[in-house]
Amino acid sequence: MSLTDSRILPNLYDGLATPPLSPIGLGSQPRFFAPTRSRPLSPLHRVSISTTAATITPAPTAPSSPLANAKPTSIPQPHHAHAADASPSSPAPSPAQHTLPIGSLQPTQFPLTKSTCSHIFPSTFGNGLHLSHEVDSLTRERKGKMPALSHLLSVGNARGLSLAADERYVYAGCQSADNEITVFSRASLQPMYRLMGHQGSVLALLLIQAKDWLVSASSAGDVRIWSTKTLELIYIIHPCDDTAGDIYSLAWDDREGGTLYLGSQSASIEWVNFAGPGPDRKRQISAADASKVEVVPLNQNGTDPVARPNGTSGGSGPSQRSGRYKPSKFFDNPPSGACSASGASTPRSPAIGGATSIGNRKEMFSSADLDKLSLNERAEHPATELEIGAESRIAFAHYGYIYALQMITRPDGKKWLVSGSGDSDVKIWECELGGGLTLVREFDNLPGGVLSFAVRDSLLYAGLQAGEIVVWDLETGACIRTIEAHDADVLSMSVLGGEVYTAAADGRVFRVNEEFDCTAAFKGHNGTVMSTAIVKSLRGNVWELITTGSDSFVKIWNIEVHKASKHDDEVDVDVEGEGDVMLYALSKLVAVPTVSDEAHRESCRQGAHLLKKILSQLGANTHVLSGEQGKNPLVLATFEGRDTGKPRKRLLFYGHYDVQPAAEEKWETNPWELSGRNGYLYGRGVTDNKGPILAVACAAASLRQRRELDVDLVMIIEGEEEAGSRGFAPAVRKHKDQIGHIDAILLSNSTWIDEQDPCVVFGMRGVVYAKLIVASKDEDLHNGVDGGATAEPMIDMVKLLGALSDAKGVKVPGFYDSVRPSTPEEMSLLSEVASASGRPLEELIRVWRQPSFSIANITSSGSGNKTVIPKRVCADISMRIVPDQKLDEIVRKLKEFCTSTFEDLGSPNSFEIQVTHSASWWLASLDSPYLKALESSVQDVWGVKPLKIREGGTVPTVFWLEKEFGAPCVHLPLGQSSDAGHLANERMRLLNLRNGKRVIEAYLSRLAKI
């Protein structure tokens, strides 16, 4: 991505990425049949469609429509997405549609150009589209804003058919071997549960918020009602005589206890009312139905991040601390050959990886960001199985499959049910209290089957087969517009304010405003868009368009309510929304390959200047500081706190913008393009260390925007950390006056010890890197000619390395003499960490508080041929040191021991040792008020006391910064242990990034009070 990129909305995600497992193949036979017709694209125009008011009577014979006669073999279609994957009216995408190949890393949304828009709405481009000349800025224009892909969720090898979303979850109804409903957390964006039980594809989902119900319908002809609080199965509903076939559509009348309407393949509309004690036609739940009802906690890297509603431990439910799932009685297996007492029992859920919970470390995450679900709240009563009677059905309400139902509330409080069918008719029915329908109006002879509905104010939109959208005025019954929008079946429509988002079988999504102008067009899915939904975002004053399709993905797009009166000069950089500015800035920063090597020197320079620009726009005073000759520059930024009338604390944050190289062939996505999948952000540097840098910066900017920043935050970001911080110390000393006085130091350059336990780091080992060189005066020799007659450098090197270490440890004299003895307090902390993480205590002792010796590699001057005696052999070794080993003393003893050992060999070859890098260990005081403030801040956000851990690795600058500025250091890891910082597919959980920002906010506020 060029730094001069003019796109305002970030290209965050590979929306057309190949799913982990190939989806089920598309059926060859279309779901719908219609006569093939050739129609040119034309401007929006008005047509006359007959309106009829009549009563309905059951037809005496079977439907004669081709739509009702043949049982299709292709994928069943969901509610709001009732169309074929490949119908006769769905031509192959043209080049104008910007179709991208699978795995493409190009933008998922394409700019709405004049040629594109004229292809869609030839007569509306002139006054219906706002093309903005955007700038590369954190402040973005609000008018005509394209939807931005916020996150990508995967349903594995299933195909998403239907969608629903509430405040906590996104529900995706699937076609797969299990025909599951996958439940994603809206807070963490991770898959949490699978609701199992349907024997057919889940074609329709409907949320009934007043009752906390999720209603699902399937191609097996059953309807199920689940509790959205407990995910308990409450009802199994069977249509009359079990002859409905596929159930495509659902609608709800909230009067008189509530009436559920369903439209089916049998061309009938049926209903069930839940007034009083409930419907009368009940039957014993079958053993087959009971055994297949499952609520499966999904394992995400050994973690099931769900907390009890009160944020406490105990009882059943997945433990954040241990990662182990403890099922409630709901999960007990029924006796062999018998139905369970509840009628909704499932096989016991297997434990999810990790160690068992221990003592007082069973706290749950109580943050608002974590979903709160208590499985032991499940009611101990059987699921009720209902059968709809003949009196609660209108047989042959249409002469085709009923693909769409829409409930409309009238001004007088009455309810209208709108039904759409493959017979190309729309019918409006008045709903009777307690269930029942009377035909009010009919719109017939439409140019295609009716697949989807949307209602905006008093207007009814009907999405048709082959791409047209017909709009009626519900007050007058007049057809006011026919929009020839899509070139493929319009499968789903959703409304936000005065705008309607329409989705079609070609994967494209359009936005149509109140004037019926197209204001946005973008590629939603690589395949059919099956269903859409719009919900309010959990963060900021924005909305989310959620889509799912045949490409096995659920996508979340950030959208806004269009406000014509909003002027550009009213827009500020809003960091409170955090899902916008922080991710946008991170996408820009990840796009620059700031690898700290000679080949990327210019990229690092550009990355430093981009970071300066980002921090400036967030409100900091920023400078780019030149490093040593030939080294990457540093960025210095200061967020000044408000004037409180007394001296402010000054916190120095250390980070680095340089990254490790990325072997692109090993990545599933482009490492230089931020992508999001199932609650994780992927990209080189996202966890090490660009993500934490922006979390800290945005935290300070948020406090500053709220006028609550009472400290000065000084950020010094280097570009050579991955190369050993070359030139860092001289550059900092050169600009020390500009940096100013420092009270404390903060860094965030590591990860948690596991997947679910927040941590603070209070210690790191030091390191000594050395190169050992043994060389001969001869050239490379042939071992068949000279073997046995010469002293070989390789043999000398092997003897030397063998003398340095054995099974008992390092053999350098005095190496262990100054290692600090352990204390009871320290061992108690280590035991606590071992129990929580599942790692053996002895292993933690070895890697955290004991020194070590490693041989990194051995190279030689020879060609590598087994017949060559190399003249020169080099070995790279490293030593990790711990408190209270003195760095200078260890270096001296290492040199002396290696030199004397080689001399004892009596070899004619020469020996040299070069210490290439060294850094001392770091250990914070556990009584430090700065560390205690950080612990409290973590607990405030995550709802659990953090583990105190040490690191076996080394951040070279930590000890040096403490010594140089005379200030204590604290270390806050943000990512999880599986983040793969230096490996392929580096990632960071979105929840960790957002909560990391909140932890920093809390810490900066506490720091002012120390």
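Residues in segment 199-226 that are among the polar types (S, T, N, Q), within 20 Å of A533 (Cα to Cα) and either part of a loop (DSSP other than H, G, I, E, B) or touching a strand residue (DSSP E or B) at 6+ places or on another chain (Cβ under 7 Å) (or both): S201, S216, S218.
So that you can scan it fast, the table gives a plain yes or no per residue for (1) in the same structural domain as S750 (by TED's automatic domain parsing); (2) farther than 23 Å from F959 by Cβ; (3) among the charged types (D, E, K, R); (4) in contact with a Cys (Cβ under 9 Å, 6 or more places away or on another chain):
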{"position": "A608", "(1), (2), (3), (4)": "yes, yes, no, no"}
{"position": "H623", "(1), (2), (3), (4)": "yes, yes, no, no"}
{"position": "L634", "(1), (2), (3), (4)": "yes, no, no, no"}
{"position": "K649", "(1), (2), (3), (4)": "yes, no, yes, no"}
{"position": "H656", "(1), (2), (3), (4)": "yes, no, no, no"}
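The set of residues in segment 160-217 that are of a type in the set (V, I, T) and closer than 24 Å to G507 by Cα comprises V170, I181, T182, V183, V202. The residue that is farthest from I881 (Cα to Cα), among those in segment 795-810 that are in contact (Cβ under 8 Å) with a residue 12 or more places away in the chain and surrounded by fewer than 16 Cβ atoms within 10 Å (Cβ to Cβ), is K799.
Among the conditions (1) touching a strand residue (DSSP E or B) at 6+ places or on another chain (Cβ under 8 Å); (2) farther than 30 Å from E825 by Cβ, the only one that F897 does not satisfy is (1).
When residues in segment 977-986 are screened for being surrounded by fewer than 24 Cβ atoms within 10 Å (Cβ to Cβ) and in contact with a Gly (Cβ under 8 Å, 6 or more places away or on another chain), 1 of them pass. Where strands (runs of 3 or more DSSP E) fall entirely within segment 409-500, those with at least 1 residues that are over 24 Å from G527 (Cβ atoms) and touching a Gly at 6+ places or on another chain (Cβ under 9 Å) are at 415-421, 426-431, 437-443, 450-456, 468-473.
Here is a check on your reading of the model: is V882 modelled with pLDDT of 95 or more, crowded, with 21+ Cβ neighbours inside 10 Å and more than 36 Å from the chain's Cα centre (by Cα)? Yes. Every residue in segment 227-245 that is assigned to a strand (DSSP E or B) and more than 17 Å from I388 (Cβ to Cβ), please. Result: S227, L233. Answer yes or no as to whether D178 is within 30 Å of S552 (Cβ to Cβ) and either modelled with pLDDT of 95 or more or touching a Pro at 6+ places or on another chain (Cβ under 8 Å) (or both). Criteria not met by D178.
Checking each residue in segment 208-266 for being out of contact with any Cys (no Cβ under 7 Å at 6 or more places or on another chain), acidic (D, E) and more than 21 Å from S176 (Cα to Cα) picks out D212, E232, D241, D242, D254, E256. For the criterion of being buried (at least 21 other Cβ atoms within 10 Å of the Cβ), in contact with a Phe, Trp or Tyr (Cβ under 6 Å, 6 or more places away or on another chain) and closer than 17 Å to W472 by Cα, G422 fails. In this entry, L841 passes the filter for residues that are within 38 Å of the chain's Cα centre (by Cα) and not aromatic (F, W, Y). Output the residues belonging to segment 507-538 that are part of a loop (DSSP other than H, G, I, E, B) and either free of Cβ contacts under 8 Å to residues at least 60 places away in the same chain or outside the structural domain of A177 (by TED's automatic domain parsing) (or both). Correct list: E514, S537.
In this structure, does S776 turn out to be touching a Lys or Arg at 6+ places or on another chain (Cβ under 8 Å) and of a type in the set (S, T, Y)? Explain how you work it out, then say what you get.
Values: touching a Lys or Arg at 6+ places or on another chain (Cβ under 8 Å): yes; of a type in the set (S, T, Y): yes.
It is true that S776 is touching a Lys or Arg at 6+ places or on another chain (Cβ under 8 Å) and of a type in the set (S, T, Y).
Has segment 141-152 got at least one residue that is within 23 Å of G683 (Cβ to Cβ), small (G, A, S), at pLDDT below 95 and surrounded by fewer than 17 Cβ atoms within 10 Å (Cβ to Cβ)? No, because not a single residue in segment 141-152 is within 23 Å of G683 (Cβ to Cβ), small (G, A, S), at pLDDT below 95 and surrounded by fewer than 17 Cβ atoms within 10 Å (Cβ to Cβ).
The values are calculated or read from the model by the stated rules, or taken from the named source; none is laboratory data. Note that the structure is predicted; figures quoted are calculated from it, not measured. Reconstructed Cβ throughout: ideal geometry from the backbone, glycine too, with neighbour counts over all protein chains shown.
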